[in-house]
Each structure stands twice: as C-alpha cells, then as structure tokens.
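Readers should treat all values here as calculations from the given coordinates under stated rules, not as data from a laboratory. Quantities reported herein were computed from a predicted structural model and do not represent experimental measurements. Quick reminder, even Gly has a Cβ in these numbers, built from the backbone with ideal geometry, and neighbours come from all protein chains shown.
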Amino acid sequence: MRTLLLNRISIVWVLLILATALSWQFGHGLGFGDAYQYATSAILVITFVKVRFVFLDFMEVRRAPLPLRVAFEAWAVVACGVLIFLYWSGL
Amino acid sequence: MSSTTKLSPAAESHLPGEAGVWMFIIGDMLMFSLLFSVFVYYRADDVALFASSQQALNQTYGLFNTILMLTSSWFVALAIHAQRHQLAHLTTRFLIGAVLCGLGFIVVKVFEYGEKFAADLTIVTNDFFMYYYLLTGIHLLHVVIGIIVLLYLCTVSRGPELSQGDVNMLESGASFWHMVDMLWIVLFALLYLMR
Amino acid sequence: MNTRAQLVCAWCAIAFAVIFTIGLWPLAGMMPPIAPSLTEAELADFYASNTLSIRFGVLVMMSSIGLMLPLVAVIAVQMKRIEGEHSVLTYGQISSGSLNALIFVVATTCWTVAAFRPDRDPQLVMLLNDFGWIVFLMTFTTFITQNFCIGFCVLSDKREEPIFPRWFGFYNFWVAVSFIPGGLLTFFKTGPFAWNGLFVWWIPFLMFFGWYIVTFVMVRKAVIRQSEESDGLAATA
C-alpha cells in the first residue's frame with residue numbers, strides 16, 4: 001500500500017494541489033499588488049502547467065506515441081496563448 | 001500485453017485505452033477550447049460587467065470543487081496503477097473513492113446553483129452568468145456521464161481475472177475522467193480566479 | 001446479394017448533403033442563417049424581396065430530404081449484421097433517423113409558408129420564420145439518439161474484423177455531443193448560442209454534413225466488404 005501511494009502519481013497530485021493554492025493566492029493579490037493583469041496571466045500559465053501534468057502523468061500521455069503527445073502539448077500551449085491574448089485584448 | 005508493458009515501462013510507448021476514445025477526447029477538448037475562447041473574447045468586450053458579476057460567485061465553492069476533482073482524478077490514476085501491479089481489490093476501492101469525490105462535486109454544484117437562484121442570478125441575468133451556467137452546465141453533464149462510466153468500471157474491475165478488453169475499458173474510462181478533471185481546472189481559473 | 005441497391009442508398013447521403021446545401025445556400029440565401037435579432041420589418045422585407053429565391057431554394061431543400069432515408073436503411077442493414085436477431089439498436093436507429101427527416105420537412109415547410117404570402121402581417125412572418133429555425137436547429141434529441149444507437153452498436157461488434165472500425169463508434173458520440181448546444185438557442189437572440197451563432201449553427205452544420213460524408217465512406221466500405229465476403233463464400237461452396 002505504501003509503495004502504491006508513494007509514486008509519481010501521488011507527487012503530481014500534491015503538486016497540483018499546491019499549484020491550485022498558489023494560483024488562488026495570486027487571485028487574491030499575492031506578489032502582484034494591484035497589477036491584476038499580471039496576476040491573471042500568471043494564473044492562466046499555472047493553470048495550463050497543471051493541465052499539462054494531468055495530460056502527462058494522469059492520462060499517461062508521457063508514454064503515449066509521439067504524435068499524441070505532440071498534439072496534447074500543442075493544445076495546452078495554443079489554448080494558453082490564445083486565452084492570454086484574448087484576455088489582454090480587452091484591457 | 002499489460003504484463004509486458006509493466007515489466008518495461010520506459011522501453012516502449014503505450015497508448016492507454018483504445019484509439020477511438022482518444023479521438024473522442026481530442027474532439028471534446030477542441031469543442032471546449034472554443035467555449036473557453038468565446039468566454040474570454042466576450043469578457044474582453046465588457047470587462048467591467050464580467051468583473052463585477054464575478055464578485056457574486058463564491059470562490060470557496062470553486063476551490064473546494066477543484067480539490068475534489070483533482071483528488072478524484074488521483075484516485076482513478078491510482079486505480080489504474082493498482083491494477084497493473086496485480087492489486088485488483090484496491091482498484092475497485094480507488095474507483096469508488098473517485099466516484100464519491102465526483103458525487104461530492106455535484107452536491108457542491110447543486111448548493112452553488114441554489115444559492116445563485118436564491119439571489120435571482122440566472123442564465124438571463126447577464127452575459128457573465130449566461131457563460132457561467134453554460135460552461136459549468138456542459139461540464140456538469142460530463143461529470144454525470146463520467147460517474148456513470150466510473151461506476152461501470154467498478155463492476156468491470158471486480159471480475160476475478162481481467163481480460164485485455166477489460167484493461168482497455170479501464171484505461172479508456174480513466175482517460176475520459178482525467179479530461180473532465182482537466183476541463184474543470186481551466187474553468188476554475190476562467191470563471192473564479194481571473195480578474 | 002443486393003450490393004448495388006445498398007450502394008445506391010449510401011450514395012443518397014452525398015446527394016442529400018449536396019442538394020440540401022445548394023438549396024439552403026445559393027438558392028434560398030439562408031447561409032448564414034436569417035438572424036434571430038432581425039426586427040419584424042426587416043424580416044418581412046427579407047421575405048418580400050427574396051420571395052422567389054426562397055420558394056425555389058426551399059423546394060430544392062425539401063426535395064432532397066427524402067434522400068436521408070435510404071441512408072438510414074443501409075446503415076440499418078449493416079447494423080443488423082452486427083446485432084443479429086434481437087437488433088434493438090438497429091430499430092432505434094431506424095426510428096430516430098426517420099424522424100430526423102420529418103424534422104427537416106417541418107422546418108422547410110415553415111419557411112415556404114412564410115414565403116407563400118409574403119404580404120402577410122410581419123408578425124406572422126416572424127412567427128413562421130422563428131418556428132422554422134427553431135424546429136430546424138433546436139431538435140437535437142432524435143439526431144443524438146441516432147448517433148448513440150450507431151455508436152453503441154459499432155462498439156458492440158465482437159468479430160475479428162469489425163464491420164465498422166471502432167473509432168467510427170466514438171466519432172458518432174462526438175458528433176452527438178456537438179449537437180447538444182443547439183438546445184440552448186431558446187435563450188438567446190444574439191451571440192454564440194443564438195441560432196446563427198458558433199455553437200448552434202456553424203459547428204453543428206459542419207459536424208452534420210461531415211457526418212454524412214464520413215458515414216457514406218464507412219457504409220460504402222462495409223457494403224463492398226460484405227459483397228466480397230459473400231463472393232468468397234460462393235466460390236468456396
């Protein structure tokens with residue numbers, strides 16, 4: 001049971017929870033003061049880093065055939081970029 | 001097949017589940033990336049309205065649901081891990097844990113919707129709430145379907161000896177559930193945190 | 001073997017997609033759709049100034065709708081091969097697929113009734129126009145029933161070389177999911193969920209006609225393989 005829990009999957013889960021806490025703090029003024037547009041950009045980047053870890057370690061895309069991995073990584077990068085671009089276009 | 005991949009995990013690439021499921025997942029992700037983009041696009045049109053409406057959301061519900069979703073996904077990943085290491089009895093237990101987290105997610109969502117309705121914030125209130133209900137509603141539909149899939153996987157995983165088809169089924173369903181988790185991660189940032 | 005009849009039925013899918021689009025797009029001028037945000041006066045003017053092209057375009061669209069049904073039939077024949085005697089999904093596909101044609105007939109009828117007497121009270125023109133578009137785009141339920149029947153049937157195929165590839169089953173689920181936002185048009189007159197918006201018109205439109213092309217290719221392959229198999233059996237017998 002212990003070896004079952006102490007594996008990469010569990011480490012990724014802990015990191016995901018920590019990343020959630022960090023983006024929560026960014027959303028409440030940590031580190032960026034009143035520069036909320038940078039805080040939001042940071043939140044989006046953290047979000048898609050989380051997404052990438054869900055892809056790679058939970059969905060096991062890390063070990064999947066290369067084209068699939070490329071497709072998922074590209075989706076994360078493009079989606080993150082488009083959302084940040086659209087966000088800034090409204091400021 | 002599964003025993004050989006277990007012995008040499010890094011040696012060869014392995015597609016969990018079956019290819020058709022991945023096609024569905026990618027298709028669904030494309031649909032959601034359009035929904036996300038449309039939300040941020042219209043938000044950019046009327047930042048003041050979106051920002052002030054967002055204040056009416058209870059972020060704690062969002063955070064709580066994110067933790068439930070991440071934990072549920074973790075249970076599913078552990079279930080697959082246990083199955084590969086010949087611990088099938090744990091597989092079923094982990095899957096039940098994931099189902100409970102998923103049900104918890106729905107309960108929180110029901111409370112959240114109820115609170116919004118009580119405050120007279122509905123799908124026709126304004127653009128922000130329209131997207132709030134649409135995005136969370138379409139996601140909730142995925143959660144419900146995902147829970148049905150997970151319950152089905154519970155019955156599959158209880159069998160004494162899992163066939164290759166059963167393993168495929170487990171991995172396919174797990175991948176779908178992780179996608180539902182991933183979509184919520186993005187929705188949480190867009191609806192609750194973004195300022 | 002009725003290979004030729006089955007192939008003709010499969011080709012009806014392409015004929016339907018092409019003729020219907022010609023009627024909708026260049027003839028009736030309903031591409032992009034008539035916006036739900038138009039005022040009564042603007043709408044009445046649209047019907048009054050395009051009366052003839054709408055009448056002719058809708059006639060063409062309506063004539064093509066019958067071609068949806070032979071495809072339903074040939075899909076059913078191939079599904080029946082998978083299911084055997086107690087072919088419940090096949091029957092589900094036949095009934096839902098047939099109703100789809102009725103939905104299209106009702107929608108096109110509304111448009112042509114509106115164009116029949118364009119000098120009507122503008123409110124009545126608007127009523128008919130709304131009725132047509134809402135029947136056309138909101139009624140996703142029978143469409144997704146058909147998709148789910150086909151999808152589950154394809155996935156239940158246990159033979160070594162399945163009649164349809166398994167991805168075709170999941171593809172049907174995906175198409176079904178893309179139709180569901182159509183139900184939301186009832187809330188909106190503008191934006192991406194209005195009946196001329198991204199999620200109610202453009203995506204379902206592309207998915208719908210894409211489905212006809214993909215399904216045609218899959219069914220055609222299945223029919224040809226079936227005829228080769230029966231030829232092989234005849235040769236060995």
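A few notes on this one:
- Dividing the mean sequence gap of close Cα pairs (under 8 Å, 6+ apart) by how many residues region C:1-100 holds gives a relative contact order of 35 percent.
- Helix A:8-26 axis, angle to chain A major axis (alpha carbon atoms, nearest 10°): 10 degrees
- Residue exposure sequence - B:HIS142, B:HIS178 - by fewest surrounding Cβ within 10 Å: B:HIS142, B:HIS178
- Helices that extend 18 Å or more along their long axis by alpha-carbon positions and average at least 1.0 on the Kyte-Doolittle scale are, among the DSSP H runs of chain B, B:19-45, B:88-118, B:127-157.
- Viscosity 1.567 mPa s, 4 °C: Kirkwood-radius Stokes-Einstein D of region C:1-86 over Cα pairs, µm²/s: 86 µm²/s
- Surface/4 estimate of mean projected area, convex hull on alpha-carbon atoms of region B:18-193, nm²: 9.9 nm²
- Charging the Cβ of each Asp and Glu at -1 and of each Lys and Arg at +1, and nothing else, the dipole of region C:3-223 about its Cα centre rounds to 620 debye.
- C-alpha long axis of helix A:66-89 to longest principal axis of chain A, angle in °: 10 degrees
- Relative contact order of chain B, taken over Cα pairs closer than 8 Å and 6 or more residues apart, is 34 percent.
- The ratio of the alpha-carbon radius of gyration of the protein assembly as shown to the globular-protein estimate 2.2 N^0.38 Å is 1.07.
- Within region B:18-193: Cβ-based charge dipole about Cα centre, in debye rounded to nearest 20 (Lys, Arg +1; Asp, Glu -1): 360 debye
- Evaluated over region C:130-219, the Cα radius of gyration and Dmax, each in Å: 14.8, 50
- Of all the options B:THR122, B:THR91, B:THR66, the one that moves most in a Gaussian network model of chain B with Cα springs shorter than 10 angstrom is B:THR122.
- If only the Cβ of Lys and Arg carry +1 and only the Cβ of Asp and Glu carry -1, the dipole of region A:2-89 around its Cα centre is close to 360 debye.
- Number of Lys-Lys pairs in the protein assembly as shown with C-alpha atoms under 27 Å apart and a separation of 8 or more places or on different chains: 7.
- With Cα atoms, 0 to 90° folded angle of helix A:36-53 axis to chain A main axis: 10 degrees
- When Rg and the Kirkwood radius Rh are both evaluated on Cα atoms of region C:66-147, their ratio Rg/Rh stands at 1.18.
- Compactness ratio for region C:3-223: Cα radius of gyration over 2.2 N^0.38 Å (N = residue count) comes to 1.08.
- Long hydrophobic helices in chain C: the complete DSSP H runs spanning 20 Å or more by Cα along their own axis with mean Kyte-Doolittle hydropathy of at least 0.0 are C:3-22, C:51-65, C:68-83, C:88-116, C:122-138, C:141-155, C:166-179, C:203-236.
- Normalised contact order of region A:1-57, rounded percent, pairs of Cα under 8 Å and 6 or more residues apart: 37 percent
- Förster radius 51 Å - calculated FRET efficiency between C:ASP231 and B:ILE96 (Cβ-Cβ, nearest 0.05): 0.45
- Per-pair calculated FRET efficiency, R0 = 30 Å: A:LEU6 and C:PHE187 via Cβ, rounded to 0.05: 0.05
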